[in-house]
Structures are given as C-alpha cells and as structure tokens.
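Undergrad: Starting off with a structure, shown below.
Taken together, the values in this text are just the output of simple stated rules run on the coordinates, not laboratory data. Keep in mind that what you see is a predicted model, and the values were worked out from it rather than measured. Don't worry about glycine lacking a Cβ; one is built from the backbone with ideal geometry, like all the others, and counts go over all protein chains shown.
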Amino acid sequence: MKKALQTLILAGVLALGLGAIASPASATSQLKIDALGDSFTSGYGADSEKWGAPNYNVYDQSTRIKDVNECHRSTTAYPQVIANQLGADLNSAACAGAETDNIIDTPQRTSPPQIDVLRSDADIVMLTAGGNPSFMPLFECAAGQAQKCRPSSAAYQNALADYTDESLGVRLDATYQAIKQKAPNAQKYLAVGYIPFMPRNALEIGTCAAYISTVPYPGEISELTMTNNMVKAVNNVVKSAAERNGFTYIDLAGLVNSYNSACGAPGKTLAHAIRTDFLVNEGGYNYSFHPTINGHKAMANAIMTQAGLR
C-alpha cells in the first residue's frame, strides 16, 4: 500500500514534466488512516499483558478521565500499530463502551459522535463495532454473577436475540453507510471482527476454571459454550453487514488457540484473563475480555494480511 502510493505520486510528477516538480508537501503525502468503534479499536486494556501491571502512560491521558472521557485511546492499539508500520497518519475517534449510535449521531460523555471526527479524505477507515451493550452477560460472568450469565438467563437470551434478529444488522448497515458517505473516496473500508476471548473446549480452560464452568447446566449449554457462541454470533452479523455495504470483513477467529486465549499462561495470551473484580473496577479501570498488548499486535498483523496492506 505504501509503495503503491509512492508510485502514484511519482507518476503524477512525471506526467507534469520536469518543469512542474511537485512541492515537498505533496511528494511526501502520508497515508491517512481513520479508526472508529469501541474499546477493541481504542485499545482499552492494551497497556499490559495478562496479570501484568498496567502502564497508563500508553493512553492519551485526556481519554482516561473518569466520568468525563473514558475512551482509553492507546498508542498500543491495533490502528496505531498498523499506522506505525505503514508510516501513516492515524486519526482515531474510537471510544471504550461505544455503541453504533455513538458512531453515527450520539455523543459519548464529552466526546462528539465519531462520524464528526472522521476525515472526509481518509484513505483507510477501520472499525470494530457491534458488541456493545450485549456483551454485558460475559462481564457478569467475570464478576461471578452466575445467575445472570446462565444460558437460560434473560440477560443472555436478550443479548443473543440482539445478534440473531435484524436489529444489530440494521444498526451496522446505518453505521457503514454513514462512514462511506462521510469518507466516500477511501481506498479500503475495514470491518474488524472481535477476537475470541475463551478457549475452544473444556480441555483448554486452564486458569479460567474458577470463573467459567465447562459443565452444562441441566438441559442447557455450559458457560464456556455460551461465551463462545456470543462472540460467533456478533461476528456473523458484522460479517454479513460488511459484505452488504462494501466493507472488507477481517476475521480474527483463528487467532486464538489452546495456549493464547484469556485462560492461557501470562505473557502469551491475546486477551486479558477473567477477573472476579470486574464490576468493582479496581484502580478505576478493568480489562477482562479485552485484548492484551500481544493481542493488539496479533490483530494488527492479521488485519494487514487480510486487507492487503503489506
């Protein structure tokens, strides 16, 4: 991508003739990447590895002010990792907790709708969106509130219904269309799927055994199956909406294996471990079910490969 843009600039100079050499500004034009979406795009939790001490310095400090701006935009988030590798100019409006409405037309605390920040001349637009607010049953599992995260619970059934009926798809359609209307000439529109948090089967449950049950409830599925089903469901809706609207869907399902899920050994995992203090918000911030620094690096690598950005 970077080489191709340089070739186009050189071709334009030659076409004008040697007497019309481009100005230094035009000859060094940077690729413009704009990032939108929720915590998976902003880099919420990308300040450490599993159980590691958080380094809050990776955040734009103006985006980690409790009850004012809690977007948590990190310099280690996948959009920044990609921008660094491509030498691109990144403009991120992503915000932890964002729903599709916050992208299109609804402010989030002190942050304006993300579409207002999107540059009309962006070359690449990337986003992860659609998981909020229906991932909450997963977080309640992490907090040890088993009665709320049972597959038969109203919380889970309502969340799953949101993914399997038309409502999320309609919201994503509106989101993708608004993006293309605001930045109509982008070379690539990328809808990035959610990275799985949990291992694929009970044999890989590892350090999560104390929090997530692998034994099915009578007449129901297990909590492990429930969490995996939710991620698959939202990714299926995101993929379908992306294809309908001319976005490239980035599939991250294959990144997680038996040793790098949230239940793996510290230092190797792509997602933070489940923590019983999730709803307590230790230190004001908490990262259960969010990618680690390694997770964002792996996501960036997969995105660049699937989007043809190498």
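Undergrad: Which of MET126, MET304 has the fewest other C-beta atoms within 10 Å, and how do the rest follow up to the most?
TA: Lowest count first: MET304, MET126.
Undergrad: Report the charge-dipole magnitude of segment 31-306 in Debye, nearest 20, computed about the Cα centre from +1 at each Lys and Arg Cβ and -1 at each Asp and Glu Cβ.
TA: The dipole magnitude comes to about 420 debye.
Undergrad: Hey, another quick one. Do the alpha carbons of any pairs in LYS268/LYS297; LYS180/LYS239; LYS66/LYS297 sit beyond 19 Å of each other, and which pairs?
TA: LYS66/LYS297
Undergrad: For segment 31-306, what proportion of DSSP beta bridges, expressed in % and rounded to the nearest 5, is antiparallel?
TA: The antiparallel fraction comes to roughly 20 percent.
Undergrad: What FRET efficiency comes out for GLN181 versus THR305 if R0 is 30 angstrom and r is the Cβ-Cβ distance? Round to the nearest 0.05.
TA: In this case the efficiency is close to 0.55.
Undergrad: May I ask you to compute the full-extension gain from GLU166 to GLU220, defined as 0.36 nm times their residue separation minus their alpha-carbon distance, rounded to one decimal in nm?
TA: Length gained between GLU166 and GLU220: 16.9 nm.
Undergrad: Can you list the residues, at least 5 places off or on another chain, whose amide H is less than 5 Å from the amide H of THR128, using H built in the peptide plane?
TA: Long-range HN contacts for THR128: LEU36, ASP38, THR41, VAL192.
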